[in-house]
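One structure is given below, encoded as structure tokens.
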Amino acid sequence: MVVMVSPEAEGAGRLRVLDPVTSEKISDHTTADLASWIGRYEAEHQPRWVFPAAEALYPQLLEAGVRVARCHDLTLTEGILLASAGQHGSPRNPAAAWARLHGRAEPPDKPPPARNAQPALFETDQETLSLDLLVEVYRSQLGRGEGQRLLIAAESAGGLAAAEMTDHGLPWNEGVHRELLTEMLGPKPAPGARPDKLAALAARIVDAFGGHPVNPDSPASVVRAFAREGIDIASTRAWLLREVDHPAVEPLLEYKELARMWTAHGWTWLDSWVHNGRFRPDYVVGGVVSGRWATRGGAALQLPKALRKAVRSLPGWSLVVADAAQLEPRVLAALSGDQRLAEVSADVDLYASLAADSFDGDRGRAKIAMLSAMYGGTSGGAGPLLAVLRKRFPQAVGHVEQAARDGEQGFMVRSRLGRTSPRPGAQRMALMERTDEESLQKSRQAAREWGRFTRNFVVQASAADWALVLLVTLRRRLAGTAAEIVFYQHDEVLVHCPAGDAPDVSAELAAAAAEATGLVFPGTEVKFPLESSIVDCYGDAK
DNA sequence: ATCGCATGCGCC
DNA sequence: AAAGGGCGCATGCGAT
């Protein structure tokens, strides 16, 4: 069964039950308590729910204790279909989709919710759209999305998984975090003051420059200070500073590291993002053009490794941490059908295996070669290494080089499941097409840059396909158990579960990885190992 | 006072 | 001197 949902203010709503094959109306319903209605119907029928946007509706259902298994998200789907039609960035809400079908003016998307906004129990500004309109958009999407059914289903399920993860929250031990901050930075400073250790380092930096005032937070000020000492640096990037022989370098590097911890993940972050022992980021499903997720606030996908110490399971519970090993080169092997690279992928350490096959056992060089192929890099002597790779793995290298050529010519490229890259913007496209003598250089550079983007897109986006399918497959497998998926980051999943269930969860993870591989790359011989460990502390994983 | 851009670093 | 793809975020700083 398929049920269209049109939420109204104050938790009310309208619903239409549709025939799953024809999408014809079976019955209409209105209710003052949408959550309860959905909860009852879910228990009895487990339909596919059609939501205008799970992001807006599902948190309220979860708040009311209602979960659903399956949905079709009209907003997420519209985003995929628009991109597929070369219309990245158009409004993708259902009302805009309907307007497009009828040649009317398209209402813009609503601005995203305020940073770290506390979700209201029942939002009253939720746009109410008629069931007729929603059904029309749904049918249109089924037609337009014929070739991307798995991607649409996975993206929609991802929308549910994201809301559930925010609802669970990542178990966060505030005490551990505070101890770490005190250890690194000193006691929590008064408002407006710098932590002791940062102040001390700043003083050391000034000393090292002979007492001249220097603001270590200002790159320009640091560059000027070095210039006074006769040292020219192009920027204050850490990797560049490391090459400089000067007493200020060491305290500067330490300052940068600690300052980042203070400003990005210090006491202020803790107070605004961790409540009752849980960190609840807002995930933005498909927020990156490649299909990777983003987050709104909280920098959840950029947690410094040092902070993983603060992620602790509750007493009697465990964390199962799973990480796809070297996902992107495996994806390239499967995408391109390169038999030899498929054989290399049999090893959990793909780079070691690649080194043994083609680089005299030099893992570092093997890795540089592979990364250059996937990113289009040429530095670090990558050129000759790439040549070796091309000779030994012509299909794999040919695959990314074709994607690069497509991009250089302004064509779109697609991920395995059909997610589509944007076209170059009008300005870049105009530059890329210029052939006059004075612009030739810039034209070629613009084309090469876009080629690097599309080269990487096919790999990164197909890896995101695989990881998304893994996530939603795992979600389905864990439904009805006590286990909670609590974190998802590109190629990594964390599950929080009763300690006794952890081995079962690990088994489900392995099964989900195999299932994802079969769904995304049917028939491939490429191996996609998932390294998982059962721990009490995220910092102890691997 | 407020905004947008550049810088630089965190993660994958 | 730049160099390899994708992001989010805090800060500095000039423009408004």
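Tabulated data
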item	result
FRET E, pair A:Thr268, A:Leu240, Förster distance 30 Å, beta-carbon r, rounded to 0.05	0.55
Cβ-based exposure ranking for A:Cys71, A:Cys537, in which fewest neighbours within 10 Å come first	A:Cys537, A:Cys71
Potential extension, A:Gln339-A:Thr435 segment - 0.36 nm per residue separation minus Cα distance	30.6 nm
Mean separation of Cα contacts under 8 Å, 6 or more apart, over the residue count of region A:175-270: relative contact order %	28
Ascending count of other beta-carbon atoms within 10 Å, so fewest first, for A:His88, A:His212	A:His212, A:His88
Trypsin sites (Lys or Arg not before Pro) lying in DSSP loop within region A:234-332, provided at most 15 other Cβ fall within 10 Å	A:Arg237, A:Arg242
Radius 11 Å from Cβ of A:Phe209, net charge of other residues (Lys, Arg +1; Asp, Glu -1)	+1
Degrees between helix A:196-208 axis and first principal axis of chain A (Cα, 0 to 90, nearest 10)	40
Virtual spin-label span in nm between A:Arg228 and A:Lys309, 7 Å along Cα→Cβ	3.6
Protection-proxy order for peptides A:4-10, A:463-469, A:179-185, each taking the mean of Cβ atoms within 10 Å per residue, highest first	A:463-469, A:4-10, A:179-185
Loop-located chymotrypsin sites (Phe, Trp or Tyr not before Pro) in region A:298-394, at most 13 other Cβ atoms within 10 Å (DSSP)	none
Degrees separating the helix A:219-228 axis from the principal Cα axis of chain A, which is the longest one	10
Dimensionless Rg over Rh [chain A; C-alpha; Kirkwood]	0.99
Chain A: Lys pairs at Cα distance under 24 angstrom, eight or more positions apart or on different chains	17
Computed [θ] at 222 nm, deg cm²/dmol, chain A (DSSP H ≥ 4; -39,500 (n - 2.57); rounded to nearest 500)	-15500 deg cm²/dmol
Distance (nanometres) between label positions extended 7 Å along Cα→Cβ at A:Thr22 and A:Ala482	4.8
Tilt relative to chain A, helix A:249-265 - C-alpha long axis, 0 to 90 degrees, to 10	20
Distance (nanometres) between label positions extended 7 Å along Cα→Cβ at A:Ala352 and A:Ala69	4.2
HN-Hα J in Hz across region A:517-527 - Karplus 6.51, -1.76, 1.60, θ = phi - 60°, x for Gly and Pro	4, x, 6, 8, 10, x, x, 5, 9, 5, 8
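None of the figures in this text is laboratory data; all of them are computed from the coordinates on show. Small disclaimer: the values here were computed from a predicted structure and weren't measured. Glycine also receives a Cβ, built like all others from the backbone with ideal geometry; neighbour counts cover every protein chain displayed.
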